[in-house]
Amino acid sequence: MAAISYPDNLTVSPLTVPPDTTITVPGSKSITNRSLILAALAEGRSTVRDALFSDDTAVMLDSLRRLGFEVTADETRDEIVIDGRGGAIPAAEAELFLGNSGTSIRFLTALAALGAGNYRLDGVERMRKRPQADLIDALAGLGVEVTCEGAPGYPPLRVHGTGGIDGGRVKVRADASSQFLSALLMIGPFARRGLELEVVGALRPHHVAITWRMMEMWGANVGRPSPDLFVIEPGRRYRAQPDWHVEPDASNASYMFAAAAVTGGRVTVPGLDESSLQGDVRFATEILPLTGCSVTVAETSGRRAIVVSGPAAGRLRGIDVDMSAISDTSLTLAAIAPFADSPTTIRGIAHTRLQECDRIAAACTELRRLGVTVDEFDDGLRIFPEQHISPATVQTYRDHRVAMGFALIGLRAPGVVIADPGCVAKTFPDYWERLMLLRERG
């Protein structure tokens, strides 16, 4: 990934006029990382186009190389070529460092279970506090030994592969993270007797739908005879994809849409519509209309695009909404909520306390730092309108979504400074440059 220089602190200046512009958004992290796993598992060469190049995808690419896969990445063309090995893991040993990428460590732990050898997975200090026990327990049910070097259920992890998995029926908890289920689903076609995954606990279906839809597009067959049971037939393996295109990241597009909402402007993001693989597109199509925004789908240069127009002067309506299915966009809504005409309540996001940081606590702390009244509860928060935002430096906790979300407040209120703006490199390295495009017209 090309290096970008970031200052220690970045001041966000308010927009002088509402934006009216088109902004392209880089490829989806979720789709890119799933594509890389599926390409490695397929037989033959796959080309992933419009891929995201960021910290999270960089650790995935590095790990696949360490596992012995042939990987060629061309960042100038947003293109990655992978020679898949049909379910085999070339290396018998590997040390994988995943930074703070929860998606990567969970997907690669499951992938390593197909190998014949020993594989160690670790990350930054925060990663060592992110639970993996539900995945470890499910793999144990499939006969795969995963040991923890430190606290039980947490990285560093060691996967002791014996050359594949037999399969059968296993229970997997998905309430802490649906990524555990996604990780197991993707290796399912290589279970010798097929795989039945019985989901225990609440499931956020939109997070898993992207996985099984992509699996089927790559040639596997995923059955769902009941809401809590997934069945994968043996023998239906992945086909290499010579021309696979990644959608723009809907989670990251949410900041551009919210910028239109909070300023009363209009922003168009090409490449997304209501048929997107990503559930987070619902932030634009379902959440923002409740706040008073106009949301339409248009054709732009031969591509479908979502167009969001904010209410006049950004006079938003307060809403009460369960964001469990699209929790990555909860901080986006939290950041624009102070500008609503009544309180905004965000529910169903207790699991975000276990992500890059405790996102509920972080949102409450930083909103209060800006002079906003907030009520915090176990699975969410209530944000009250505030006409006078206090100038302050927002702490970001090394969390890209805190930085990108709270920058939106600075588009309306002067004196907002973002500490450690470089944390956006996790999923959106040139976020600050693209945010500047809101100041352009046309």
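Since every read-out is calculated from the coordinates, none of them should be taken as a lab result. Quantities reported herein were computed from a predicted structural model and do not represent experimental measurements. Cβ: placed from backbone, ideal geometry, glycine included. Neighbour counts: every protein chain shown.
Things worth noting here:
- Cβ-derived FRET efficiency at R0 30 Å, residue 345 paired with residue 439, nearest 0.05: 0.40
- For residue 426, the lysines whose Cα falls under 19 Å of its own Cα, not counting residues fewer than eight places away in the same chain, are 29, 129.
- With helices as the sole contributors, the chain gives -8000 deg cm²/dmol at 222 nm; each DSSP H run of n ≥ 4 counts as -39500 (n - 2.57), and the sum is divided by every residue.
- Electrostatic dipole magnitude of region 258-390 [Cβ: Lys, Arg +1; Asp, Glu -1; Cα centre; debye, to 20]: 380 debye
- Dipole of the chain [Lys/Arg +1, Asp/Glu -1 at C-beta], most positive-end residue of 271, 11, 389: 271
- Helix axis angle, 400-410 relative to the chain longest principal axis, alpha carbon, degrees: 10 degrees
- Relative contact order of the chain: 18 percent, from C-alpha pairs under 8 Å at least 6 residues apart in sequence.
- What you get for the chain, charging only the Cβ of Lys and Arg (+1) and of Asp and Glu (-1), is a dipole of about 280 debye around the Cα centre.
- Relative contact order [Cα under 8 Å, 6+ residues apart], region 29-237, whole percent: 16 percent
- Here the Kirkwood formula puts the hydrodynamic radius of region 322-426 at 13.4 Å, using every distinct Cα pair.
- Degrees, to the nearest 10: 359-369 long Cα axis against longest axis of the chain: 20 degrees
- Viscosity 1.002 mPa s, temperature 20 °C, Stokes-Einstein D of the chain from Kirkwood C-alpha radius, µm²/s: 97 µm²/s
- Relative to one another, the C-alpha centroids of region 190-204 and region 45-59 are positioned 27 Å apart.
- Close amide-amide hydrogen proximity is noted between residue 84 and 44, 45, 46, each under 5 Å apart and 5 or more residues distant or on a separate chain (H modeled in the peptide plane; Pro and chain starts excluded).
- For region 122-152, the set of GluC sites (Glu not before Pro) satisfying both a DSSP loop assignment and a count of at most 13 other C-beta atoms within 10 Å is given as 125, 149.
- Global form of region 70-168, assessed from the alpha-carbon gyration tensor, a/c cut-off 1.5: oblate
- Residue-normalised convex hull volume from the C-alpha trace of region 29-237: 99 Å³ per residue.
- Region 120-240: radius of gyration and largest Cα-Cα distance (Dmax), Å: 14.3, 40
- Dividing the C-alpha radius of gyration of region 228-337 by 2.2 N^0.38 Å, with N its residue count, gives 1.26.
- Loop GluC sites (Glu not before Pro), region 354-442 (other Cβ atoms within 10 Å of the site Cβ: 16 or fewer; DSSP): 440
- Rounded to whole numbers, the Karplus 3J(HN,Hα) couplings from phi for region 25-38 are 10, x, x, 5, 5, 4, 6, 4, 5, 5, 4, 5, 5, 5 Hz, using 6.51 cos²θ - 1.76 cosθ + 1.60 with θ = phi - 60°, and x at Gly and Pro.
- Counted over the chain, the DSSP beta bridges are approximately 65% antiparallel.
- Charged side chains reduced to their Cβ positions (Lys and Arg at +1, Asp and Glu at -1) give region 341-442 a dipole of some 200 debye around its Cα centre.
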